[in-house]
Amino acid sequence: GEKASPKQIKLYVGNLSWGTEESTLRELFEEYGKVIDCYSPVDRETGQHRGFAFVTMDPDDALRAADETDGYELDGRILRVNEAQPKGYGGRANDNDGYDGGDAYDESADDSWGNDSY
């Protein structure tokens, strides 16, 4: 039978050691299923990893991987793994330690300043 929602899930993997290679990460997550995409942003200035990555997997695999790898020690660092939220996604704001949240609010506040329609 067909699975109802073949939507892939992107996992956010945080607190990575700078020395952790993308291939190491991919191998870790491949223990839980097929890794569709593994992306670890690099600092343009230094060429250093920025300490986090995104791993895309099928939903079942992703949820199991997140469960098993969150708190896992890799290269001496304790990984933080959870489902990546699209920017500006509401509802689970406290999960991302307050990043992102501030900007959207300020923009809407700015629009009302200097508005002479009162």
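The values are calculated or read from the model by the stated rules, or taken from the named source; none is laboratory data. All values reported here derive from a predicted model rather than from experimental measurement. Positions of Cβ are backbone-derived with ideal geometry, glycine not excepted, and every protein chain shown enters the neighbour counts. Note: accessible area is taken over every heavy atom of the protein model, side chains too, but ligands, DNA and RNA are not part of it. Shrake-Rupley method; radii C 1.70, N 1.55, O 1.52, S 1.80 Å.
What to note about this one:
- Residue list for the range 18-45, filter: open to solvent by less than 60 Å² (accessible area, probe 1.4 Å) and assigned to a loop (DSSP other than H, G, I, E, B): Gly19, Thr20, Tyr32, Gly33, Ser40, Pro41, Asp43
- For the range 1-17, the candidate set comprises residues that are of a type in the set (A, V, I, L, M) and modelled with pLDDT of 90 or more; within that set, the residue that is surrounded by the most Cβ atoms within 10 Å (Cβ to Cβ) is Val13.
- Residue list for the range 46-71, filter: touching a strand residue (DSSP E or B) at 6+ places or on another chain (Cβ under 8 Å), outside any loop (DSSP other than H, G, I, E, B) and within 15 Å of Ile36 (Cβ to Cβ): Ala53, Phe54, Val55, Thr56, Met57, Pro59, Ala62, Leu63, Ala65, Ala66
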